[in-house]
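Written below as structure tokens is the structure these notes are about.
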Amino acid sequence: MQFFKVKTVEETFALIEDIVQSIKVVEEIPLDQSLHRILAEDIIATESVPSFPRSTVDGYAVKAKETFGSSETMPGFLNVVGSVKMGEEATTPLSHGEAIYIPTGGMMPPNSDSVIMIEHCEDLSGLLNTYKQVAPGENVIQIGEDVKEGDVLITKGTKLRPQELGAIAAIGKTQVAVFKQLTIGYLSSGDEIVPYETEQIQIGQVRDINALTITSLVQEWGAKAIYAGIVSDDYTEYQQRAEELFKEVDCLVLSGGSSVGAKDYTTQVIESLGEPGVYIHGISIKPGKPTILAMAGDKPVIGLPGHPASAMIIFSLFGGEIIKKLSGEISGNRLDRVQVRLTKNIHSSMGRTDYIRVKLIEQEGEWWAEPIIGKSGLISTLVQSDAVVEIKSEFEGARQGDFVPAILLR
Ligand SMILES: Nc1nc2c(c(=O)[nH]1)N[C@H]1C(S)=C(S)[C@@H](COP(=O)(O)OP(=O)(O)OC[C@H]3O[C@@H](n4cnc5c(N)ncnc54)[C@H](O)[C@@H]3O)O[C@H]1N2
Ligand code: MOO
């Protein structure tokens, strides 16, 4: 038996972009529960922030031109006529030759245009000595300088980070429309795989590692994971369990049995779930060559190679992209690779993209990648890794000192 439908990494990403459609289900949820969710509406500012001009420092609100020429040796003089109270409207207008004490964040009094910091002046019994001149607008946040009423503050498809929640809170919006949280189903396969809680394992058995790595990645990405346990290498059982789980989820992930051994039923199980079926069986990638990507109806199905490091790397790359597309996220400026330098020569084969597990070391302000040697069945190699460096298919490797792109695993 041979692998068929083998694709390059670039073709795989292009295919994902092409075949995976975003879910359209939208729900309104409280803002404080929307972290990491995907915005399903444009957030239009219904008011300006700030809604009144504010001081950015502790000092005295003044008319800038009345401080012109002030210096340490030649101070200017202004009369202090009051103070601004926090949280209250400043109503007393500033007249010629006057200054008003203002705390950081306080409202600028009418007719004032700038603030002189307290360290640049001295209040001598109501006579303010100014030792520095200020420019009009200095130390003031103007109305709408943060957010202007009517502007699009955040666009649909944005993954909500803490700063987006803060900005939405600033305009007084308490509910947001987001796309439904995705549910990703995960099932392990293999006669030798036993629940990780198994205290005493028999010779030949291995604890289910992928259940933890894969469902944890799902959670890290803001989706919900359903772990449906382990199936043996029996087609009927595997097919039934996969089909049951498939009905409950937006995307199904199966681990193990993706190769072409006699008991590798994953392809057959996936084909049974519906049309159009398997698009890719085999990617020219290392590790993780025997990866399966399919669509059953509008739901993506991923068959991961069983080796734990392969499964995690493949799921981080392609699973991440599929879930992102499915979730409705529209990535803006994405910094998903950083440039690091290699501490050693790395060999790789033309026509195959390699992802090499590396430890990152900082030396004299530069980041260096130290390859971690180990087979793709070894989970500890990922524990030691900070990143994987990418050697694209057109290269036969990379030399010590070369800059290479790294995908962070932290
Ligand atoms: N003749 C060939 N054989 C293999 C090839 C090939 O090109 N030609 N590719 C190899 C590569 S690369 C990989 S990766 C594996 C993938 O095989 P499967 O997806 O069929 O996975 P299994 O055989 O079920 O498992 C492989 C390995 O991983 C262990 N495993 C599986 N699931 C888990 C789990 N949930 N937790 C911990 N460990 C797991 C399993 O016990 C096996 O040792 O195929 C190669 N073969
Ligand atoms: O996916 Mo396999 O890891 O290349 O051993």
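What to note about this one:
- The listed residue being among the acidic types (Asp, Glu), on the phi < 0 side of the Ramachandran plot and within 16 Å of ligand 2 (Cβ to nearest atom), out of Glu370, Glu390, Glu396: Glu390
- Scanning region 6-55 for residues being in a loop (DSSP other than H, G, I, E, B) and within 16 Å of ligand 2 (Cβ to nearest atom) gives a total of 2.
- Test: Phe246 is within 16 Å of ligand 1 (Cβ to nearest atom), assigned to a helix (DSSP H, G or I) and among the aromatic types (Phe, Trp, Tyr): no
- If you go through region 351-388 and keep only what is of a type in the set (Ser, Thr, Tyr) and in contact (Cβ under 8 Å) with a residue 40 or more places away in the chain, you end up with Thr353, Tyr355, Ser376, Thr381.
- Exactly one residue out of Ser55, Ser83, Ser70 is of a type in the set (Ser, Thr, Tyr), within 20 Å of Asp146 (Cβ to Cβ) and surrounded by 14 or more Cβ atoms within 10 Å (Cβ to Cβ), and it is Ser55.
- Enumeration of residues in region 345-386 that are of a type in the set (S, T, N, Q), surrounded by fewer than 15 Cβ atoms within 10 Å (Cβ to Cβ) and under 28 Å from Ile209 (Cα atoms): Ser380, Gln384
- Only one of the numbered conditions (1) in contact (Cβ under 8 Å) with a residue 12 or more places away in the chain; (2) more than 16 Å from ligand 2 (Cβ to nearest atom) is violated by Thr236, and that is (1).
- Residues in region 139-184 that are on the phi > 0 side of the Ramachandran plot and in a strand (DSSP E or B): 0 in all.
- Lone unmet requirement of (1) modelled with pLDDT of 95 or more; (2) closer than 22 Å to Met312 by Cβ; (3) outside any helix (DSSP H, G or I) for Thr381: (3)
- Selection of region 1-56 for residues being more than 16 Å from ligand 1 (Cβ to nearest atom), of a type in the set (D, E, K, R) and over 20 Å from Val152 (Cα atoms) yields Glu10, Glu11, Glu17, Asp18, Lys24, Glu27, Asp32, Arg54.
Rundown of residues vs (1) more than 14 Å from ligand 1 (Cβ to nearest atom); (2) buried (at least 24 other Cβ atoms within 10 Å of the Cβ); (3) without any contact (Cβ under 8 Å) to a residue 60 or more places away in the chain; (4) assigned by TED's automatic domain parsing to the domain that holds Leu15, yes/no style:
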| site | (1), (2), (3), (4) |
| --- | --- |
| Asp264 | no, no, yes, yes |
| Glu271 | yes, no, yes, yes |
| Lys286 | no, no, no, yes |
| Pro290 | no, yes, no, yes |
| Ala296 | yes, no, yes, yes |
| Pro308 | no, yes, no, yes |
| Met312 | no, yes, no, yes |
| Thr343 | yes, no, yes, no |
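- Looking only at region 56-67, and only at residues there that are in a strand (DSSP E or B) and small (Gly, Ala, Ser), the one that is nearest to Ile100 (Cα to Cα): Ala61
- Subset tally (residues that are surrounded by fewer than 23 Cβ atoms within 10 Å (Cβ to Cβ) and either out of contact with any Ser or Thr (no Cβ under 8 Å at 6 or more places or on another chain) or not charged (D, E, K, R) (or both)) for region 247-262: 6
- Leading residue by the ranking (nearest to the chain's Cα centre (by Cα)) among those in region 203-212 that are within 16 Å of ligand 2 (Cβ to nearest atom) and buried (at least 19 other Cβ atoms within 10 Å of the Cβ): Asn210
- Qualifying residue in region 206-229 (condition: farther than 24 Å from Ile270 by Cβ and near ligand 1 (Cβ under 9 Å from one of its atoms)): yes
The values are calculated or read from the model by the stated rules, or taken from the named source; none is laboratory data. Keep in mind it's a predicted model, so treat the numbers as computed, not measured. So basically every Cβ, Gly included, is an ideal-geometry build from the backbone, and we count neighbours across all protein chains shown.
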